[in-house]
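Throughout, read-outs are computed from the coordinates displayed, never taken from laboratory work. These numbers were taken from a predicted model, which means no experiment stands behind them.
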Amino acid sequence: QVQLVESGGGLVQAGGSLRLSCVASGGTFSSYAMAWFRQAPGKERELAAGISRGGGTYYVDFVKGRFTISRDNAKNTVYLQMNSLKPEDTAVYYCAAAPSVSTFVVGRAGDAWGQGTPVTVSS
């Protein structure tokens, strides 16, 4: 089973930017669609963005125009560039792997999850 490790979270002021990274090991990275989820305090985990094996992207409405998901198969890494951050973006961010982006969109569990990296946006 592929293992995922996130990094790059931290504290940032509203309007600022962060780039999250997720490094995969123990599997064939290029065979997976990847996604970023987030879970705010007291809230359910929710999908933010997904990327297919071929690089096609999917974004939920609340991140469109602000977040960009990308992948570098040579480095077994998926990224989430977060710009124009808002206090409501405060959450623990997780990466996940699955056979397709559709798996994430319909709410099915991924094949693997990272441990999460916390993001705090202050006003």
From the backbone phi of the stretch 86-98, what are the Karplus-calculated ³J(HN,Hα) couplings (6.51 cos²θ - 1.76 cosθ + 1.60, θ = phi - 60°) in whole Hz, Gly and Pro given as x? 10, x, 6, 7, 4, 4, 8, 9, 10, 9, 8, 10, 7
Extent of the stretch 16-123 along each principal axis, from alpha carbon coordinates, in Å, largest to smallest? 40, 26, 24
Radius of gyration, Dmax [the stretch 33-79; alpha carbons; angstrom]: 11.5, 37
Please list, in order along the stretch 50-58, the HN-Hα scalar couplings obtained from phi with the Karplus expression 6.51 cos²θ - 1.76 cosθ + 1.60 (θ = phi - 60°), rounded to whole Hz, x for Gly and Pro. x, 9, 7, 4, x, x, x, 10, 9
Using helices alone, I'd like the mean residue ellipticity at 222 nm for the chain: each DSSP H run of four-plus residues gives -39500 (n - 2.57), total over residue count, nearest 500. -1000 deg cm²/dmol
